[in-house]
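J.: Below you'll find the structure I mean.
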Amino acid sequence: MSEDDVGTTKVIGRQKVWAHIKWAEEAWELAMLAGIEMGSMLIWQVKKQLPKAVRKQLDDEYADWDKFIKAVKDLNTAKLKQEKEDIEERKRSEEARDQKLLQRMEAAKWATTADLTAQLQRLTIRQVATSQSIPGPEGIPGSTHSMDGEAWGHSTNH
């Protein structure tokens, strides 16, 4: 039985029955075919696969398949429908919360990216050229020579 089947009706022969009752009839037939109806074998595994709205209304353990199937058939349909609606409402709330969180994360990402972009645009790389000034041979202020002793633009070879 799927989550969508909870609180709906199905047709058996020409008669409409609640989906959980149809499921219980089919489960009982399978338990009898497998020869396990007198014990509790596989009940917890099967119960675990039922929709949450159904599971929440069932007891934790059953002595045999007859008691388990009877409990499923006796479920209050109004409570089943309400539980299904509650579960769907919680799911919608969680999805809305998750969507808001994703939007905030996306906005924060864009804000961070915009901030970094602005900082990079303001960033200027200043290159400081360092050249060594060496006084000329005559001690003329402002006269500079390169490290090899040649005057800038002048060759010492005469």
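The values are calculated or read from the model by the stated rules, or taken from the named source; none is laboratory data. Given the structure is predicted, the values throughout are model-derived calculations rather than measurements. Glycine also receives a Cβ, built like all others from the backbone with ideal geometry; neighbour counts cover every protein chain displayed.
J.: Taking region 1-58 only, how many residues are aromatic (F, W, Y) and more than 17 Å from T77 (Cα to Cα)?
T.: So the count comes out to 2.
J.: If A71 satisfies all but one of (1) within 16 Å of M1 (Cβ to Cβ); (2) at pLDDT below 90, what's the number of the condition it fails?
T.: All conditions pass for A71, except number (2).
J.: Could you say which residue among D66, D86, D60 is in a loop (DSSP other than H, G, I, E, B) and among the acidic types (D, E)?
T.: D60 is the lone residue from the list that is in a loop (DSSP other than H, G, I, E, B) and among the acidic types (D, E).
J.: A further question follows. Spot the failing condition for K84; the list is (1) among the charged types (D, E, K, R); (2) within 16 Å of K52 (Cα to Cα); (3) free of Cβ contacts under 8 Å to residues at least 60 places away in the same chain, and only one is missed.
T.: All conditions pass for K84, except number (3).
J.: Let me ask another. Just the residues that are out of contact with any Ser or Thr (no Cβ under 6 Å at 6 or more places or on another chain), part of a helix (DSSP H, G or I), of a type in the set (A, V, I, L, M) and surrounded by 15 or more Cβ atoms within 10 Å (Cβ to Cβ), please, taken from region 5-45.
T.: I21, A24, A27, A31, I43
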